[in-house]
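Report on the following structure.
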Amino acid sequence: MLLLNYLGKIGTKTPLKAAATFSVGWNTFACSESLEKPLNWLLFNYYLTTCLQSSVNKHRHMFVKQIDMDHVMKAKSIREFDKRFTSVMFGYQTIDDYYTDASPNHRLKSVGIPVLCLNSVDDVFSPSHAIPIETAKQNPNVALVLTSYGGHIGFLEGIWPRQSTYMDRVFKQFVQAMVEHGHELSNM
């Protein structure tokens with residue numbers, strides 16, 4: 001998300017020649033909604049929220065003047081954590097302002113270098129209805145690859161997955177193509 005937001009803001013003025021992303025959460029609102037469904041909340045959201053709380057609690061003394069840390073530690077979801085900590089920490093007026101700014105879907109049209117984006121339509125962290133397929137089609141710099149299965153950065157293959165994954169192979173091919181043919185793309 002950070003990389004795509006950067007590329008969307010900077011356009012062609014980046015020193016990067018190409019980039020690749022995997023399992024991007026394209027729309028933070030949709031990601032939060034998906035993670036708040038009962039089973040996803042139980043399997044992912046609650047655990048990740050407690051991990052976030054644990055991370056910031058270690059450095060609690062650094063935040064107490066700016067943030068009500070007791071309130072942060074009572075968050076029961078990532079959205080509540082973001083509302084109480086992340087959006088405040090980074091100076092956003094509301095969580096909606098933060099989530100809008102964090103969502104790379106509206107910046108994809110401005111990406112100015114070749115970017116490979118691999119997502120799975122069964123990723124609960126990035127629901128398929130929020131993947132900006134039409135926007136990606138309009139930007140010749142964007143290769144949006146969607147798989148039916150893969151979950152969130154899984155992309156395992158075979159009955160007994162080992163070693164290299166689909167994600168590894170796609171990334172290797174993309175890097176090889178950029179090294180061997182990147183100059184051709186920049187001349188287009």
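Exactly one residue among Asn57, Asn119 is in the same structural domain as Gln176 (by the TED database) and not small (Gly, Ala, Ser), and that residue is Asn119.
Name the residues in region 12-45 that are in a loop (DSSP other than H, G, I, E, B) and over 22 Å from Leu118 (Cβ atoms), would you? Before you say what the answer is, go through the steps one by one.
Going residue by residue through region 12-45, those that are in a loop (DSSP other than H, G, I, E, B) are 12-18, 23-27, 36-37.
Within region 12-45, Thr12, Lys13, Pro15, Glu36, Lys37 meet the criteria.
Taking the options Ala75, Ala30, Ala102, name whichever one is out of contact with any Gly (no Cβ under 7 Å at 6 or more places or on another chain), more than 23 Å from Asp123 (Cα to Cα) and open to solvent by less than 30 Å² (accessible area, probe 1.4 Å). Write out each step before concluding.
Numbers: Ala30 fails: more than 23 Å from Asp123 (Cα to Cα); Ala102 fails: more than 23 Å from Asp123 (Cα to Cα).
It is Ala75.
Among the numbered conditions (1) modelled with pLDDT of 95 or more; (2) open to solvent by 70 Å² or more (accessible area, probe 1.4 Å), the only one that Asp123 does not meet is (2).
Restricting region 126-141 to residues that are open to solvent by less than 20 Å² (accessible area, probe 1.4 Å) and not in a loop (DSSP other than H, G, I, E, B), which is nearest to Ser103 (Cα to Cα)?
Of all residues in region 126-141, those open to solvent by less than 20 Å² (accessible area, probe 1.4 Å) come to 126-127, 130-132, 136, 139.
Filter once more, so that each one left must be not in a loop (DSSP other than H, G, I, E, B): 130, 136.
Details: Ala130: 10, Ala136: 15 Å.
My answer is Ala130.
Only a single criterion out of (1) in the same structural domain as Asp96 (by the TED database); (2) open to solvent by less than 30 Å² (accessible area, probe 1.4 Å); (3) not basic (Lys, Arg) is not satisfied by Ala19, namely (1).
Condition check ((1) at pLDDT 95 or above; (2) of a type in the set (S, T, N, Q); (3) open to solvent by 90 Å² or more (accessible area, probe 1.4 Å)) across all residues:
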residue	(1), (2), (3)
Leu144	yes, no, no
Ser148	no, yes, no
Gly151	no, no, no
Glu157	no, no, no
Trp160	no, no, yes
Gln163	no, yes, yes
Asp168	no, no, no
Val175	no, no, no
Val179	no, no, yes
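Filtered by the rule that a residue be of a type outside the set (A, V, I, L, M, F, W, C), part of a helix (DSSP H, G or I) and touching a Leu at 6+ places or on another chain (Cβ under 8 Å), region 88-109 gives a lone residue, Pro104.
Residues of region 49-67 being under 19 Å from Phe125 (Cβ atoms) and in contact with a helix residue (DSSP H, G or I) (Cβ under 6 Å, 6 or more places away or on another chain), which ones? Of everything in region 49-67, those that are under 19 Å from Phe125 (Cβ atoms) and in contact with a helix residue (DSSP H, G or I) (Cβ under 6 Å, 6 or more places away or on another chain) turn out to be Thr49, Leu52.
The values are calculated or read from the model by the stated rules, or taken from the named source; none is laboratory data. All figures in this text were calculated on a predicted structure; none of them were measured in a lab. Because the Cβ atoms are built from the backbone with ideal geometry, glycine has one as well, and the counts that use them run over all protein chains shown. Keep in mind that these areas ignore ligands, DNA and RNA; they rest on the heavy atoms of the full protein, side chains included. Shrake-Rupley method; radii C 1.70, N 1.55, O 1.52, S 1.80 Å.
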